[in-house]
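Report on the structure given below.
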Amino acid sequence: ACSLSAGQFACGAIASVAMAAHTDRPEALALFFLAQAGVAILARSRWPWAEVVGLAGTVLSVAAWMDAYFRPARAADAYLLVAPVAAVYLLSLVVRGLRGAGELRRQDALLHLLDAAFVWTVLYRVLYVTDPRTLGLASVALAVVYLALGAAALKARPRDPRQARVVLGLAAVFVTLAIPVQLGLHGITLAWALEGLLLL
């Protein structure tokens with residue numbers, strides 16, 4: 001059953017990439033990605049890697065769409081393709097992490113990383129050509145989101161620190177990214193020194 005599920009999800013991911021590369025309909029693609037996410041979340045009980053493979057397929061599909069159709073004037077379309085599906089996967093992770101009976105599994109940790117990288121990559125790609133001055137603010141906003149999730153995880157499940165470590169680690173990553181993308185080459189050394197003190 002696991003091998004069958006793996007093959008099905010792999011084929012679905014490949015088909016999704018091919019479709020996104022030749023379909024300039026962001027609304028329809030966004031709904032399709034949400035449907036894929038729903039199937040992956042439901043299939044997780046049968047195959048633990050379903051969500052990781054499902055999100056990986058979406059990441060590659062959005063990359064294919066952006067390579068083919070993205071222009072600076074289409075920033076809203078890029079956000080539409082990313083924000084809903086990334087939020088669904090994150091919500092699934094948070095609910096499981098705060099209410100689940102077991103410890104955070106490797107698949108869930110990888111899904112956290114993939115979801116965060118997905119959001120940041122698209123944000124960077126869009127903002128770099130539309131409004132690069134807001135890249136640092138976007139990174140700080142993501143850091144605040146993951147910091148809040150980490151605090152909630154520590155409060156809800158103090159005996160399982162894995163969830164908190166992953167999301168707090170992502171918060172630290174986004175804080176670190178905010179410095180070079182906002183300041184460019186000026187003041188990075190001093191800013192990183194200050195950040196190291198604050199993180200400590």
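Please say if the chain is rounded, prolate or oblate, where rounded means a/c under 1.5 for a ≥ b ≥ c the square roots of the C-alpha gyration tensor eigenvalues, and otherwise the choice is prolate for a/b larger than b/c and oblate otherwise? Note, shape of the chain comes out oblate. Surface composition of the chain: carbon plus sulfur atoms contribute 71% of the solvent-accessible area (1.4 Å probe, protein chains only, all chains present).
Accessible area per residue for the chain, computed on protein heavy atoms with a 1.4 Å probe, is 54 Å². Name the shape class, rounded, prolate or oblate, that the alpha-carbon gyration tensor gives for segment 1-104, where a ≥ b ≥ c are the square roots of its eigenvalues, rounded holds for a/c under 1.5, and otherwise prolate holds if a/b is larger than b/c and oblate otherwise. Oblate shape, in that a/c is at least 1.5 and b/c is the bigger or equal ratio. Whole Å is fine, so just give me how far the alpha carbon centre of segment 83-150 lies from that of segment 1-65. Each part reduced to its Cα centre gives a spacing of 18 Å. Counting Lys and Arg as +1 and Asp and Glu as -1, what is the net charge of the other residues whose Cβ lies under 15 Å from the Cβ of LEU123? That works out to 0. Span-like helix criteria (full DSSP H runs; alpha carbon extent of at least 30 Å along the helix axis; mean Kyte-Doolittle hydropathy of at least -0.5) are satisfied in the chain by 75-99, 106-130, 135-156, 161-183.
The values are calculated or read from the model by the stated rules, or taken from the named source; none is laboratory data. Note that the structure is a prediction, hence the values are computed from the model and not measured. All Cβ positions, glycine included, derive from the backbone under ideal geometry; neighbour counts span all protein chains shown. Please note that ligands, DNA and RNA were not included when accessible areas were found on the heavy atoms of the full protein model with its side chains. Shrake-Rupley method; radii C 1.70, N 1.55, O 1.52, S 1.80 Å.
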